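Right, one structure below, let's go through it.
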Amino acid sequence: MGVQIDSGVDVGLIQHYGNPVAEARAMADGRGVVALGNREVVQVSGPDRLEYLHNITTQHLAQLQPGTATTMLLLSPTGHIEHVLHAVDDGHRLLGWTEPGRGAELVAFLDRMRFMMRVEVELRTDLEVAWYGHQVPAPEAAVVRDSELGGSDVFLPAGTPMPPEAVPVGMWAFEAARIAAGVPRIFVDTDHKTIPNEIGLLGTHLDKGCYRGQETVARVHTLGRPPRRLVQLHLDGSLVELPPVGAALELDGRAVGFVGSSARHHELGPIALGLVKRNVPVEATLTADGIPAAQEVLVDPEVGLHVRPVLR
C-alpha cells in the first residue's frame, strides 16, 4: 500500500513503498512508475487552440507538432509567473498538467482570453497523471509527453492500475531525482515574485516575443541580471531534519532567500532547491532553518553580462 504523505502540497500521495533506495534505483533504471494523482489536468481543444495559446503564453506553439512536449508559462504584466502548464498536443486536443489547486484558476483565465477564437477549455477531473520510466510501456489509449526527468508524463483515465511489470515509486525518490536534476517545481520552488530568468527558464521563453510580461523577461536578460537565482543546496547530512518549504536561507544571520523543496537522495544525501539573492557569493555556506547548506550554482548570477543587445 505504501506510506502516505500527511501534509504539504502532495498530501495523500505515496511517500514510499517501503524501500526508497530501491525505488530510486528502479526510477533511474527506467522501471519505475510514480502516481501523480494530485496534478490537475487541463484540456484545450478546438481548431484555433495552438494559435490561441501561442498568442498568450511564453512558448512557440502555432506550429507545435503532435506528440511534442512543451511547457508554457503565463506571466503577469510585470513578468512574474502566474500559471504553468506542462503539455502535449495529440493532433486533436492539447492536454497539460499543472500543480494541485491551480487548475480551476488557470481554466478560468484561459476561458476569459478566448474572445472569438474557436477554442474550448476545461478541467479534466476524469484524467490523472503518472510518471513512467522509459522501460515501462504506456497504455495504448494514453496521451504521453516526454518528461523533464527522462521517461514520460502519462495522461490516463483516473483509477488506471499500475502496469504489472512496473516498480511502484513514491514521492521520496521522485522528488529527490527532480531536485538532483535541478528542475524547479513552479509554486513550490518559486513565489509570487519569481520571473523566468531567476530559475533558468530561458530559451524559447526569450526568442518568442509578444506575450504578456515579455518586456521584463527580455530586459533582465539583455540589459541586467536576475535579482535572484535558483541554487541546489547540499545540506548537512549529519542532521535528521530537512528544512520546510519556505524556510529562510540565511548568511551570517541575514535572510538572503528561501528554501523550496527538499529530499534525501540515495547517492547525494539531503538536498534542496532554493532561491537566493543574486549577489550572495556562490561559495558561501548558507543556513536553511539552521541547517548548514552548501550551494551548487544552477543559474549563473552574472548571466546578464554575457548578453549584449544588437544596436541598429
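When restricted to residues that are more than 16 Å from the chain's Cα centre (by Cα) and open to solvent by less than 30 Å² (accessible area, probe 1.4 Å), the range 149-172 contains 6. None of 99, 140 is within 23 Å of residue 168 (Cβ to Cβ) and exposed (fewer than 14 other Cβ atoms within 10 Å of the Cβ) except 140.
Out of 124, 145, 112, one residue alone is basic (Lys, Arg) and either modelled with pLDDT under 95 or open to solvent by 50 Å² or more (accessible area, probe 1.4 Å) (or both). It is 112. Does any residue of the range 10-29 turn out to be touching a Leu at 6+ places or on another chain (Cβ under 8 Å), in a loop (DSSP other than H, G, I, E, B) and polar (S, T, N, Q)? Looking through the range 10-29, none of the residues is touching a Leu at 6+ places or on another chain (Cβ under 8 Å), in a loop (DSSP other than H, G, I, E, B) and polar (S, T, N, Q).
This table checks each residue for (1) open to solvent by 20 Å² or more (accessible area, probe 1.4 Å); (2) in contact with a Pro (Cβ under 8 Å, 6 or more places away or on another chain); (3) of a type outside the set (D, E, K, R).
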residue: 24; (1), (2), (3): no, no, yes
residue: 27; (1), (2), (3): no, no, yes
residue: 31; (1), (2), (3): yes, no, no
residue: 38; (1), (2), (3): yes, yes, yes
residue: 42; (1), (2), (3): no, no, yes
residue: 61; (1), (2), (3): no, no, yes
residue: 67; (1), (2), (3): yes, no, yes
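Considering (1) open to solvent by less than 20 Å² (accessible area, probe 1.4 Å); (2) of a type in the set (A, V, I, L, M); (3) modelled with pLDDT of 95 or more, the lone condition that residue 181 does not fulfil carries the number (1).
Is one or more of the residues making up the range 41-49 of a type in the set (Gly, Ala, Ser) and under 21 Å from residue 214 (Cα atoms)? Scanning the range 41-49, I find no residue that is of a type in the set (Gly, Ala, Ser) and under 21 Å from residue 214 (Cα atoms), so the answer is no.
The values are calculated or read from the model by the stated rules, or taken from the named source; none is laboratory data. Note that the structure is predicted; figures quoted are calculated from it, not measured. Positions of Cβ are backbone-derived with ideal geometry, glycine not excepted, and every protein chain shown enters the neighbour counts. Note: accessible area is taken over every heavy atom of the protein model, side chains too, but ligands, DNA and RNA are not part of it. Shrake-Rupley method; radii C 1.70, N 1.55, O 1.52, S 1.80 Å.
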